[in-house]
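Report on the following structure.
The values are calculated or read from the model by the stated rules, or taken from the named source; none is laboratory data. In this text, all values refer to a predicted model and were calculated from it rather than measured experimentally. We place every Cβ from the backbone using ideal geometry, glycine too, and count neighbours over all the protein chains shown. For accessibility, only protein heavy atoms count, side chains too; no ligands or nucleic acids. Shrake-Rupley method; radii C 1.70, N 1.55, O 1.52, S 1.80 Å.
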Amino acid sequence: MKPLCGAAFLLLLLCAAAAAQSSCICEKNKRVSSCRMDGSGRCRCEAIGSGVTVDCSTLTSKCLLMKAEVVGSKSGRREKPKDAFEDTDGLYDPECENSGAFKAKQCNGTTCWCVNTAGVRRTDKHDADLKCNQLVRTMWIIIEMKHAERSAPLNAESLKKFFTDTITSRYQLDGRYITSVLYENPYITIDLKQNSSEKSIGDVDIADVAYYFEKDVKGQSIFHNNAGLNVSIDNEPVKLEKTVVYYVDEIAPEFSMKSLTPGLIAVIVVVVIAIVAAIVVLVLTRRRKGKYVKAEVKEMNEMHRGLNA
C-alpha cells in the first residue's frame, strides 16, 4: 500500500505543478476570475458578472468592465461640436453581447433607453416597448482635462508626445486614431476618432480606451497592478484636477427638451430673459425717440407761425 500511496502523492504534486503552470494573471483587467493559459500561450479569464471569456493580451470591452464593476459595487476649453454629449447617467448594469459589445437597448426594470457603442444613453428614457433598431457607433471621443494651477504653462510639444505615446503603448490604440492633442492652458483636449469603416479586426475600440484612460486618471485603474496614470511632462509631475469625456455619434442623439439638465435649462432661461429684456429696451427707446421727433416738429411749426404773424 505504501508504494501506491507514494505514487498518488507524486501524482498530486504533478497535477498541482501543472495547474500552477496553466494559471496566469490578467495584467490588463483585475475584474476577472478563473484565469488559464490557452494553447497559444495567451492568458484568458472569465469576466466577473458575465462569465464571458476575455483575452488578457488586450483591453477588455467597456460593457464587460461596467458589468463587473456593478457586481463589485453590490458586493462591497474649446467649443464642442453641437452633437457632443456627456455621460450623465454614470454606472449602470449593462446588457452585453457575447462579443462584449453593448446591446443597443438597455433597461433598468421597466425603464429603457438606447445607447451608443460607448454604452452612453443617446435617447430619453421610455418604457419597455422602446425600439432601438441599431447600435449607433461613437466615432469621435473628446477627452478634456484641466491641470492644477502652475507658475508657467507646459510645453505643448512635450505634452502632445507624452499623451500620444501613453495612449499607443499603455492602451494599444493605433496612432492614426489620435487626431489631436491640444493644449490651451490650463486645458488639455485629446481627440480620438474611429468610424466603423476605419476600425480593423484586432484594433482596440476608442470607447474602451477612453474608459481605461478615465479610470486611470481618477485613480481607479483597471489594470491588475492598480497603478494609475502618472502624468509627467519633461520629467515634471502634472496634477489633473478635472476630466470630462464627450461623445459624438455617427447619428445625432435623440434627446427632447425634458431631458435637459437643470443647469442647461437655467442657462436657456437666462438667455431668453436677456433677449426679451433687449427687445423691451429697444421698443421703449424707439418710442421715446418718436416722441422727441414729434415734439421737435411741433416746436418748429409754432416758430413758423410766430414769424408769419
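Residue pairs whose Cβ atoms lie under 8 Å apart, separated by 6 or more positions or on different chains, with the first residue in segment 127-139 and under 10 Å from K103 (Cα atoms) and the second among the hydroxyl-bearing types (S, T, Y) and assigned to a strand (DSSP E or B), are C132/T123. Residues in segment 237-263 that are modelled with pLDDT under 60 and among the polar types (S, T, N, Q): S259, T261. Candidates in segment 100-110 are the residues that are of a type outside the set (K, R), open to solvent by 50 Å² or more (accessible area, probe 1.4 Å) and part of a strand (DSSP E or B); of these, the one that is modelled with the lowest pLDDT is N108. Against the condition exposed (fewer than 12 other Cβ atoms within 10 Å of the Cβ) and either modelled with pLDDT of 95 or more or in a loop (DSSP other than H, G, I, E, B) (or both), how does S158 come out, does it pass? When the stated conditions are applied, S158 does not pass them. Of the residues making up segment 230-243, just one is assigned to a loop (DSSP other than H, G, I, E, B), β-branched (V, I, T) and either within 18 Å of Y171 (Cβ to Cβ) or open to solvent by 100 Å² or more (accessible area, probe 1.4 Å) (or both), namely V231. Every test in (1) more than 27 Å from E254 (Cβ to Cβ); (2) assigned to a strand (DSSP E or B); (3) open to solvent by less than 30 Å² (accessible area, probe 1.4 Å) is passed by C114 save one, and that test is (1). Of the set (1) in contact with an Asp or Glu (Cβ under 8 Å, 6 or more places away or on another chain); (2) in a helix (DSSP H, G or I), all apply to Y247 but (2).
Checked against (1) open to solvent by less than 80 Å² (accessible area, probe 1.4 Å); (2) at pLDDT 80 or above; (3) not β-branched (V, I, T), A266 passes all but condition (2).
Here are the criteria: (1) among the β-branched types (V, I, T); (2) loosely packed, with under 15 Cβ neighbours inside 10 Å; (3) at pLDDT 95 or above; (4) more than 17 Å from the chain's Cα centre (by Cα). Tell me which single one T164 does not satisfy. Checking T164 against (1) among the β-branched types (V, I, T); (2) loosely packed, with under 15 Cβ neighbours inside 10 Å; (3) at pLDDT 95 or above; (4) more than 17 Å from the chain's Cα centre (by Cα), the one that fails is (2).
Conditions tested, residue by residue: (1) modelled with pLDDT of 95 or more; (2) open to solvent by less than 20 Å² (accessible area, probe 1.4 Å); (3) of a type outside the set (D, E, K, R); (4) outside any strand (DSSP E or B).
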residue: Q172; (1), (2), (3), (4): yes, no, yes, yes
residue: K199; (1), (2), (3), (4): no, no, no, yes
residue: D208; (1), (2), (3), (4): yes, no, no, yes
residue: F213; (1), (2), (3), (4): yes, yes, yes, yes
residue: H224; (1), (2), (3), (4): no, no, yes, yes
residue: G228; (1), (2), (3), (4): no, no, yes, yes
